[in-house]
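No value in this document is a laboratory result; all are computed from the given coordinates. Since this is a predicted model, take the numbers as computed values, not measurements. A quick note on method: Cβ atoms are made from the backbone with ideal geometry, for glycine too, and the neighbour counts reach across all protein chains shown.
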DNA sequence: CGGTAAATGGAATTTGTGTTCCATTTGATT
DNA sequence: AATCAAATGGAACACAAATTCCATTTACCG
């Protein structure tokens, strides 16, 4: 068994688990650096075996690392929605989303490809938040209603992702995107 | 040496080179199928060594295969531009671009990651075509001029890519995208 | 035909990973 | 402090994918 759920774990095991998590998170923030087990272990000052055992496999470790990064972003979305309402929350949230993904370039490679349960759950939440912003904004008459909110949500999610993922972003790319999107979503 | 440039190659080598190319192209059209050397060889009815030798390496083979697919798309763009002018060419060209990338899902994985010289050259051409459409449309007053054409070009390229790459595209996603883009690019 | 160099298939090799194993170390418990 | 199970490091292993090698086959040329 990988993680003895019931029994008490030793203090060093807990600490090393944390070190591995932090090392993985750190590597994800650096573009171009593949988060191999070996690299994570070296960064954490641990052996490869320890890193793998701490989470029961590389994928589980990355699942934890990526969701740790993604979770605050989702929470930010919920809070913006609660505080500003759907219409005013959308743009700052997209800015936040794009900034986050730009700052954690390495994450993107893992968002597609392997299946990470916790990350998938957070992405679902994230989609739900955007969806609520769209339907809310439509209900208030702030944006066009001739487009299916689910489609608009997908559109926004995919394009924001693409903007963030741009290798050498042109100056003002995010602004241009948000400008075009805002004007394009206005009532025709 | 990989490809004896000067000397005359034997007829079977030429034929097998073609078979390998077609097999690789075929595999790129199928989503989910990784174009490994082994898979290409099996599909072509050749040995793995033959496939690799035909182009001097897997990357060179994929470079040829992908550019073979991309070349008609670029040509389509140039022709649309010549026939319809920048304003009317943009939308059909984007439709073509998205349709192509959707139909050749496997290509996308190779557009980033490895460096394929011929493909890179074609992408540069493709960017140039879009750029010309944008500047032309701006000159004619058809789209807003408050955005840097280079930035708009990047924006369009990246977002079209993202739309095409969407795993399970919602119905009408492409249409929604083009609608929002069109309205968002109108003069404010 | 027959000779010969090119080309082939596929086994062996290399490379880059993640995972497992175990002799040794270390933290907890008394 | 003594004991012992848990945890560790990192070498060995497993696995997948590209490349190389070479005995054998095949096309080309006279």
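Quick look at the values:
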| quantity | calculated |
| --- | --- |
| Exam field: residue A:141 pseudo-label spacings to other copies (7 Å along Cα-Cβ), nanometres | 3.2 |
| Cα centroid of region A:126-188 to Cα centroid of region A:25-43, whole Å | 32 Å |
| Residue of B:54, B:142, B:23 that the Gaussian network model of chain B assigns the largest fluctuation, springs spanning Cα pairs under 10 Å | B:142 |
| Helix-only mean residue ellipticity at 222 nm for the protein assembly as shown, each DSSP H run of n ≥ 4 adding -39500 (n - 2.57), per residue, nearest 500 | -25500 deg cm²/dmol |
| Point-to-point label distance, residue B:71-residue B:91, nm (Cα→Cβ direction, 7 Å offset) | 3.2 nm |
| Residue B:9 paired with residue A:127, simple spin-label distance in nm, labels 7 Å along Cα-to-beta-carbon | 4.5 nm |
| Cα-based equivalent ellipsoid of region B:58-188: semi-axis lengths in Å, sorted from largest, via gyration tensor | 26, 17, 13 |
| Ascending list, in nanometres, of distances separating the residue B:34 label from those of the other copies (7 Å, Cα toward Cβ) | 1.1 |
| Rounded to whole Å, sorted largest first: equivalent-ellipsoid semi-axes of region B:17-131, Cα gyration tensor | 30, 13, 11 |
| Kirkwood Rh, angstrom, the protein assembly as shown [1 / mean 1/r, Cα pairs] | 23.2 Å |
| Exam field: residue B:117 pseudo-label spacings to other copies (7 Å along Cα-Cβ), nanometres | 4.9 |
| Length gained when the stretch residue B:109-residue B:83 is fully extended (0.36 nm per residue, less Cα-Cα span) | 6.1 nm |
| Spacing of the two label points (7 Å from each Cα toward its C-beta) at residue A:140 and residue A:99, in nm | 2.1 nm |
